[in-house]
Amino acid sequence: VHKPAYDEAEALGSEYIHDRTFRVKFVRAERYHAEKAAVRMVKFLELCRDLYGSETLLRPIQWTDLSPNAVSIMVKEGPLQVLPVRDSVGRRIILMLKDIGPSYPVIDRQRMSLYLWQTVSDDEMTQKLGLVFVVYVYNCLVNVHDEEDKRSIDRITQCIPLRNASVHLCMPDTPIYHAIKATNQLLMGRENRSRNRLHCGSPTECLYSLKAFGLPSDYFPTSVDNENGTDGTSRNGGYNYNHKNTMKNHRKWCKMRKSIEQQIRLDANFQNSIVECPFREDFLVGKGAPNMKNPGNVALRKLLKERLERFDAAPRAQKSVLASEVVDIVRLGGGRFLKEDPNGWYVELDEESARRKVSTAFRDASRSMKEMNARNKKEQKTQTQEEEQQHEASVHGIDGPAVTVSSSSGIQTLNSDTSNFLALSDSVSPFKRRKLLNDDEDCVKRMF
């Protein structure tokens with residue numbers, strides 16, 4: 001077998017190519033087929049040497065291996081992004097905005113792509129379950145890539161140490177894109193067809209469609225650029241969508257990767273002591289909407305609510321035991337208590353720190369419950385007062401039955417709707433009016 005890059009790595013005495021964690025990526029990517037895994041690894045080494053040089057045969061690709069132009073494109077425009085969350089199964093997600101940066105060199109696109117795929121391949125769960133790839137192709141009619149670009153994409157796809165579990169293509173709901181959709185379905189083959197999903201519509205419609213497949217809805221473009229027409233189309237016939245909500249997380253990820261690689265140079269095992277992307281079962285310590293919406297935090301709040309009465313009634317020593325019980329339940333379910341580092345990664349808390357956080361969460365939940373109960377009582381009291389006022393107004397008004405008490409006899413005098421109406425009617429004589437009222441009083445006296 002022709003494998004010049006592998007032979008060169010052997011000649012350089014590379015321990016990297018013999019490392020088990022490096023080789024097992026390709027084995028899992030090929031579903032434990034040894035021969036196919038070996039071919040994929042050889043192709044990967046060939047591409048690394050062609051794009052970055054022989055140094056990457058001795059170590060993983062690093063941020064410093066990217067060219068200044070590639071770094072500038074990645075940070076400023078973000079055509080390829082690694083999302084900071086996972087899908088409902090636990091797989092990492094890569095977002096490709098195909099409309100952005102159509103004019104930069106193919107080699108820079110290759111370098112960015114290979115670097116991102118390699119960093120994501122360090123995640124063990126993604127190695128086993130595969131990668132989720134989401135592509136926005138709203139300007140594919142405007143930004144047509146040449147044959148060299150297509151060959152580069154095929155080469156990367158054949159050598160990356162990951163397999164695509166699913167590919168989601170988002171495109172406009174127009175006749176020409178429906179033709180592209182049908183052609184794509186025919187050419188991709190039976191095996192790949194089952195992994196591809198095509199979503200047609202506006203970015204917002206595609207967002208809801210992606211959400212049905214367990215993908216988070218807060219990390220994708222949601223609207224077209226308002227500077228263009230009301231239909232979202234730009235002057236050149238394509239679509240320009242607003243992806244500012246994705247760039248903040250992407251730049252944070254770029255900063256984190258640079259910090260991680262600096263720490264790895266000092267300590268080779270540093271990456272094993274941190275968590276780059278939490279799982280859905282993990283509890284994230286800290287405030288803010290992203291943490292509040294995290295499924296692990298939502299599940300923990302439910303656990304606390306179920307045990308809140310026991311916590312309030314328990315003595316001080318028993319409250320600590322109850323907090324430890326919640327910590328054990330979370331960890332038995334595969335969850336961890338994670339605290340975000342200023343550099344962007346997460347660190348797992350020890351047993352005592354996790355217990356203190358749960359105790360604090362119990363107290364916060366108890367205080368919130370008391371405030372809510374007090375607010376509900378106040379609202380209920382206000383509502384009761386309003387109902388009493390409305391009742392008094394209806395009693396003394398002209399539309400409802402009126403009840404008065406006579407000061408001399410103490411006997412209630414009932415004025416019906418009819419008597420109230422007659423009292424205001426000029427067509428009824430005063431004599432007849434008095435007779436009707438006296439009849440009512442006689443009726444009431446006989447009742448008692």
> Which one of 59, 28, 86 is at pLDDT 90 or above, touching a strand residue (DSSP E or B) at 6+ places or on another chain (Cβ under 7 Å) and of a type in the set (Lys, Arg)?
Replying inline: 86
> Quick one: in segment 281-306, which of the residues that are in contact with a Gly (Cβ under 6 Å, 6 or more places away or on another chain) and in a loop (DSSP other than H, G, I, E, B) is farthest from residue 357 (Cα to Cα)?
Replying inline: 281
>> Can you report the number of residues in segment 18-44 which are in contact with a Lys or Arg (Cβ under 8 Å, 6 or more places away or on another chain) and closer than 23 Å to residue 112 by Cβ?
In response: 5
> In segment 108-122, which residues are open to solvent by 30 Å² or more (accessible area, probe 1.4 Å) and within 24 Å of the chain's Cα centre (by Cα)?
Replying inline: 122
>> Conditions first: (1) in contact with a strand residue (DSSP E or B) (Cβ under 9 Å, 6 or more places away or on another chain); (2) under 27 Å from residue 346 (Cα atoms). Residue 135 passes all but one, so which condition is the exception?
In response: (2)
>> Looking at residue 341 and the list (1) of a type outside the set (Phe, Trp, Tyr); (2) open to solvent by 80 Å² or more (accessible area, probe 1.4 Å); (3) out of contact with any helix residue (DSSP H, G or I) (no Cβ under 8 Å at 6 or more places or on another chain), which single condition is not satisfied?
In response: (2)
> Given segment 67-138, what helices (runs of 4 or more DSSP H) lie entirely inside it while holding 2 or more residues that are within 20 Å of residue 252 (Cα to Cα)?
Replying inline: 68-76, 106-120
> Do you know which residues across segment 134-172 are at pLDDT 85 or above, more than 18 Å from residue 44 (Cβ to Cβ) and not polar (S, T, N, Q)?
Replying inline: 134, 135, 165, 167, 168, 169, 170
> From the list 322, 303, which one is open to solvent by less than 40 Å² (accessible area, probe 1.4 Å), in contact with a helix residue (DSSP H, G or I) (Cβ under 6 Å, 6 or more places away or on another chain) and under 29 Å from residue 91 (Cβ atoms)?
Replying inline: 303
>> Is it the case, given these coordinates, that residue 384 is more than 23 Å from residue 311 (Cβ to Cβ) and assigned to a helix (DSSP H, G or I)?
In response: yes
> So which residues in segment 46-66 are part of a helix (DSSP H, G or I), within 35 Å of the chain's Cα centre (by Cα) and within 20 Å of residue 152 (Cβ to Cβ)?
Replying inline: 47, 48, 51, 52, 56, 65
> With 260, 329 as the choices, which residue is closer than 30 Å to residue 65 by Cβ and modelled with pLDDT of 90 or more?
Replying inline: 260
>> Looking only at segment 74-93, filter to residues that are open to solvent by less than 10 Å² (accessible area, probe 1.4 Å) and β-branched (Val, Ile, Thr); which one of those is nearest to residue 113 (Cα to Cα)?
In response: 82
> Within segment 62-73, can one find any residue that is at pLDDT 90 or above, surrounded by fewer than 19 Cβ atoms within 10 Å (Cβ to Cβ) and among the aromatic types (Phe, Trp, Tyr)?
Replying inline: yes
> Scanning for something crowded, with 19+ Cβ neighbours inside 10 Å, touching a residue at least 40 places away in the same chain (Cβ under 8 Å) and in a helix (DSSP H, G or I), does segment 34-41 turn up at least one residue?
Replying inline: yes
> From the set of residues in segment 7-33 that are in a helix (DSSP H, G or I) and among the acidic types (Asp, Glu), which is nearest to residue 269 (Cα to Cα)?
Replying inline: 10
> Considering only residues of segment 154-183 that are out of contact with any strand residue (DSSP E or B) (no Cβ under 7 Å at 6 or more places or on another chain) and among the polar types (S, T, N, Q), which is least open to solvent (accessible area, probe 1.4 Å)?
Replying inline: 174
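The values are calculated or read from the model by the stated rules, or taken from the named source; none is laboratory data. Every value quoted in this text rests on a predicted model; they were computed, and no experiment measured them. Ideal geometry is used to build each Cβ from the backbone, glycine not excepted, and the neighbour counts take in all protein chains shown. The accessibility values were calculated without ligands, DNA or RNA, using every heavy atom of the protein model including side chains. Shrake-Rupley method; radii C 1.70, N 1.55, O 1.52, S 1.80 Å.
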